[in-house]
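The values are calculated or read from the model by the stated rules, or taken from the named source; none is laboratory data. Given the structure is predicted, the values throughout are model-derived calculations rather than measurements. Ideal geometry is used to build each Cβ from the backbone, glycine not excepted, and the neighbour counts take in all protein chains shown. Ligands, DNA and RNA are stripped out before the accessible areas are found, and what is left, the full protein with its side chains, is counted by its heavy atoms. Shrake-Rupley method; radii C 1.70, N 1.55, O 1.52, S 1.80 Å.
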Amino acid sequence: MTTAHICIMAAIIVYLGAMIFVGYLCSKNNNDSSDFYLGGRKLGPLVTAMSAEASDMSSWLLMGLPGLAYLTGIADAGWTAIGLAIGTYVNWRIVAKKIRRYTHVAGNSITLPSFFSNRYRDEKKILQSIGAIFIVIFFIPYTASGFAACGKLFASLFGVKYLPAMIISALVIVGYTTLGGFLAASTTDFIQSIIMSIALVIVFVFGISTAGGIDAVADHARSLPGYLTMFTTYDPTTGTEQAYPLLNIISMLAWGLGYFGMPHILLRFMAIEDEEKLTLSRRVATTWVVISLAVAVLIGVVGLGMTAAGEFDLLEGSASETIIVRIADLLSKHGVIAAILAGLILAGILASTMSTADSQLLAASSAVSSDLLGSILKDKETKKESMVADKITLLLIAVVAMFIARDPNSSVFTIVSFAWAGFGAVFGPVVLLALFWRRSNWQGALAGMICGGSMVFIWKYGISKLGGAWSIYELLPAFVVAIAANIIISLLTKSPSREITDEFDLVNQK
């Protein structure tokens, strides 16, 4: 093992150890399930903002987006980034304060499914159970993809076998999340967002310097037909310009709709100590997202400039997603300090993956422990016993996720966009109508969840096969169907009770 590899490994080990230590510190603040799953609603504005966005972006920010820009230019990556930036801002602007207020008033709800049941006085907990089932369906494989990403990163860097690398990474994530719960996940996500930011800056500056400067990067990008426009793309196989149809633009922008239904993001809104501080959180989060997405896209362009300068071979297909890993490896060859910085960059990739996996793990385990089995597990338990049940559930979920991620050649990564569509369609319309429509009722909410979730599967594996306009991203049609079902069924069934509408009016008076 070279000196560079030793420095990189040392930096990553220090980082992983720090995350476990944070989990230990946060464990002292957990006294019951509300603390474990919602941090006792004590998050500060900066931790709320940065942990929400770190848990959102995952390794896609440092791997997928730069790789997309590297291959085909800025159109695909750019429209996706714009859709996500708009979705981030609108979610913080119209949903954050109201869901913080409503979840506190409506039975002090600590999970998204429990909010639905409390909001509509669903005494049989049908909404809570169905919501929890959808969370498990979409989140366990999503968590597995995070475990797999960590394993692949270590395996490719140090030449170790994938399976033990994946298991060790998963155990670290499970370790600090089990110790400290939501507070640990949020605090580590805040730290991880800082590391991700530093990694992006180092890669961007070093990449431009190595490629011969901004002018050299820009000149090379301009020489590729369709590479630098938002309405055409560059085809690397033929070296020609290709049209970027309106359908593709709509599909990429539709990613922004997913934010309204992401449990791990909405939980951050619910957990802040003071709803008035969400204004500061919104400004911090939106600024970070816009800058980070823009830099990630530009890194793809800079990476191609480095290839043109002969720094490394052309990356084809999925190999383009390793662009930041290649840049970090190149940086590590410039001395000990540079190798430590390279380790920080790779820790940033690891951080981006871990920050999403820990939140998904908590959301999935809360769905089982609190929403599905809550009445069975906790009727006669003390607060401490209840937390033990929560942690055991989390461990069992993690074991299932590790089992799914055991195959390095599995297509678990393809589930990420599908899961995003699933959450957006199942929960997004229900959240919006629950917060903003007085007439909505539990029957409409149930119909919206089931129709939205079903349509994601039907569109993805059936209708989209017809091609053409039918190949649009499944989130958009599923979202529309869910909204329509919710409204129609609400209007066809009994109006909500006076108690429910009075509570709605109380929340909206503030």
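Structure notes:
- Where residue 116 falls short, out of the listed (1) open to solvent by 10 Å² or more (accessible area, probe 1.4 Å); (2) of a type in the set (Phe, Trp, Tyr); (3) under 15 Å from residue 441 (Cα atoms): (1)
- Boolean, residue 96 is touching a residue at least 60 places away in the same chain (Cβ under 8 Å), farther than 18 Å from residue 432 by Cα, crowded, with 23+ Cβ neighbours inside 10 Å and of a type outside the set (Lys, Arg): no
- Filtering region 194-224 to residues that are open to solvent by 60 Å² or more (accessible area, probe 1.4 Å) and in a helix (DSSP H, G or I) leaves 194, 198, 201, 205, 209, 214, 215, 219, 222.
- Residue check for residue 229: open to solvent by less than 50 Å² (accessible area, probe 1.4 Å) and of a type in the set (Val, Ile, Thr): no
- Per-region count, region 469-483, residues surrounded by 15 or more Cβ atoms within 10 Å (Cβ to Cβ), outside any loop (DSSP other than H, G, I, E, B) and touching a residue at least 24 places away in the same chain (Cβ under 8 Å): 8
- Check on residue 229, in contact with an Asp or Glu (Cβ under 9 Å, 6 or more places away or on another chain) and either under 17 Å from residue 74 (Cα atoms) or modelled with pLDDT of 90 or more (or both): yes
- Number of positions in region 436-468 that are part of a helix (DSSP H, G or I), surrounded by fewer than 21 Cβ atoms within 10 Å (Cβ to Cβ) and not basic (Lys, Arg): 11
- Matching option when the condition is closer than 26 Å to residue 8 by Cβ and at pLDDT below 85, among 202, 191: 191
- Matching option when the condition is open to solvent by 30 Å² or more (accessible area, probe 1.4 Å), in contact with a Leu (Cβ under 8 Å, 6 or more places away or on another chain), in a helix (DSSP H, G or I) and among the hydrophobic types (A, V, I, L, M, F, W, C), among 191, 250: 250
- Selection from region 232-247 of residues that are of a type in the set (Phe, Trp, Tyr) and either open to solvent by 60 Å² or more (accessible area, probe 1.4 Å) or farther than 21 Å from residue 473 by Cβ (or both): 234
- Residue satisfying all of: in region 488-504; open to solvent by 50 Å² or more (accessible area, probe 1.4 Å) and assigned to a helix (DSSP H, G or I); nearest to residue 444 (Cα to Cα) among these: 489
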